[in-house]
Amino acid sequence: MNILTSILNIKYPIIQGGMGNISNAILTAAVSEAGGLGTIGAGTMVPQEVEEIIVETKRRTEKPFAVNVALSVSPYVKEILSLVIKHKVPVVSLSAGNPAPFIPKLHENGLRVITVAASVRQAIKAEAAGTDIIVAEGYEAAGINSSLETTTLVLIPQIVNKVSVPVAAAGGIGDGKGLAAMLALGASGVQMGTRFIATKEAPFHTEYKKKIIEATDHETVIIGRSVGRIRRVLSTGYAQKLLNNEKEGISLEKYNTLTSEDYHKKGALEGNGEEGFMNSGQISGLIADLPTVKELLDKVMGDANLQLQNAAKLLN
């Protein structure tokens, strides 16, 4: 057991990334049952929707799980954090905003706090605010991303060198080699998102899973650069339409409309890549199978141990 697993009371140092409005109890519970930390992403969901998923997740597992709240995205931050406290969810993940105003109350109610950071500066501020764990997310990650565009490989050691709280690496990680690499860089664990989409329990459209499994190394694109709203998605027909709109000078208001959760659901839940987008990290190029969540986590841990042992042999 390392410091990350000890703080979160989990078996494996693997956290599920929040998936916003397509979050569900089935996958969240499966990750927690398999030894990781399952995560519900609140996205822009109304409090009642989030509460229903929390209740269903607690019905499916007695193991720890988290709720992710994107502070600058959700219109219901205070309400959702109140629900988390009400239902005694043990962990809260805070992203896309300043966590400082919320951490004291969460700690007063016995919750552990994870803060997502995309830079050394953000990580230092999160530690000063009292966060228990930092998820350092690189530019390879899926979905809404940092405009800083720093890769995971260079971000992790810089943050680890500047903070004393445990760091979990995110962005471009989906197997045992990735976990081993991040541990070698000083991280205490990892957060994975895209890899969990291509699992048997994930209740997403088969076309979404198929596109991830069949993806090449150049299958994701960045949309939103022209309006300062970076998002990494699969290169579908709809993604190309958005890129064409950007070339023609799309407004921020129009871009926000065309990347709203309605279009996210159309892609992820309906499998319609011509009328909706599908979030995906660059790790999709390494995903080639559809395991159960338990099979995946067991393999990630086994392969990570093997990689670290082989690396040690090379140094002797």
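The values are calculated or read from the model by the stated rules, or taken from the named source; none is laboratory data. Owing to the predicted nature of the structure, the values given are computational and were not obtained by experimental measurement. Neighbour counts are summed over all protein chains in view; Cβ atoms, including those assigned to glycine, are modelled from backbone coordinates with ideal geometry.
Has the range 57-72 got at least one residue that is of a type in the set (S, T, N, Q), crowded, with 19+ Cβ neighbours inside 10 Å and more than 21 Å from residue 232 (Cα to Cα)? Yes, the range 57-72 contains a residue that is of a type in the set (S, T, N, Q), crowded, with 19+ Cβ neighbours inside 10 Å and more than 21 Å from residue 232 (Cα to Cα).
For the range 9-55, residues that are in a loop (DSSP other than H, G, I, E, B) and of a type in the set (Ser, Thr, Tyr) total 3. Of the residues 294, 265, the single one that is in contact (Cβ under 8 Å) with a residue 24 or more places away in the chain, outside the structural domain of residue 240 (by TED's automatic domain parsing) and of a type in the set (Lys, Arg) is 294.
Against the definition (crowded, with 19+ Cβ neighbours inside 10 Å, assigned by TED's automatic domain parsing to the domain that holds residue 168, touching a residue at least 60 places away in the same chain (Cβ under 8 Å) and touching a Phe, Trp or Tyr at 6+ places or on another chain (Cβ under 8 Å)), how does residue 31 come out, yes or no?
When the stated conditions are applied, residue 31 passes them.
Residues in the range 46-56 that are under 26 Å from residue 35 (Cα atoms) and surrounded by fewer than 17 Cβ atoms within 10 Å (Cβ to Cβ): 49, 52, 55, 56. Scanning the range 103-143 for residues that are among the small types (Gly, Ala, Ser) and within 24 Å of residue 224 (Cα to Cα), which turns out modelled with the lowest pLDDT? Per the criteria, the residue is 143. For the range 156-203, the candidate set comprises residues that are among the aliphatic types (A, V, I, L, M) and in contact with a Phe, Trp or Tyr (Cβ under 8 Å, 6 or more places away or on another chain); within that set, the residue that is farthest from residue 310 (Cα to Cα) is 202. Checking 166, 203 one by one, the residue that is under 25 Å from residue 57 (Cα atoms) and touching a residue at least 60 places away in the same chain (Cβ under 8 Å) is 203 and no other.
Please go through the range 95-132 and pick out each residue that is surrounded by 22 or more Cβ atoms within 10 Å (Cβ to Cβ) and either outside the structural domain of residue 44 (by TED's automatic domain parsing) or within 23 Å of residue 197 (Cβ to Cβ) (or both). Result: 95, 114, 116, 118.
Residues that are out of contact with any Ser or Thr (no Cβ under 7 Å at 6 or more places or on another chain) and surrounded by fewer than 18 Cβ atoms within 10 Å (Cβ to Cβ) within the range 73-86 comprise 78, 79, 82, 85, 86, listed in sequence order. Looking at the structure I just gave you, is residue 151 surrounded by fewer than 22 Cβ atoms within 10 Å (Cβ to Cβ) and assigned by TED's automatic domain parsing to the domain that holds residue 97? Yes: the conditions hold for residue 151. Residues that are closer than 21 Å to residue 10 by Cβ and assigned to a helix (DSSP H, G or I) within the range 56-81 comprise 56, 57, 58, 59, 60, listed in sequence order. Taken over the range 225-262, the criterion of being aliphatic (A, V, I, L, M), in contact (Cβ under 8 Å) with a residue 24 or more places away in the chain and within 17 Å of residue 280 (Cα to Cα) is satisfied by 230, 233, 234, 239, 242.
Among the residues of the range 235-257, at least one is under 18 Å from residue 145 (Cα atoms), among the charged types (D, E, K, R) and surrounded by 13 or more Cβ atoms within 10 Å (Cβ to Cβ). Here 311, 304 are screened, and the one residue that is in a helix (DSSP H, G or I) and at pLDDT below 90 is 311.
Give me the pairs: first residue in the range 277-288 and farther than 17 Å from residue 179 by Cβ and modelled with pLDDT of 90 or more, second residue part of a loop (DSSP other than H, G, I, E, B) and of a type in the set (Ser, Thr, Tyr), beta-carbon distance under 8 Å, and six or more apart or on different chains, which are they? Correct list of pairs: 277/236; 277/259; 278/236; 285/216. Of note, residue 177 does not satisfy the criterion of being among the charged types (D, E, K, R), touching a strand residue (DSSP E or B) at 6+ places or on another chain (Cβ under 8 Å), within 13 Å of residue 283 (Cα to Cα) and surrounded by fewer than 23 Cβ atoms within 10 Å (Cβ to Cβ). Residues that are among the polar types (S, T, N, Q) and assigned to a loop (DSSP other than H, G, I, E, B) were ranked within the range 82-113; the one that is nearest to residue 53 (Cα to Cα) is 109.
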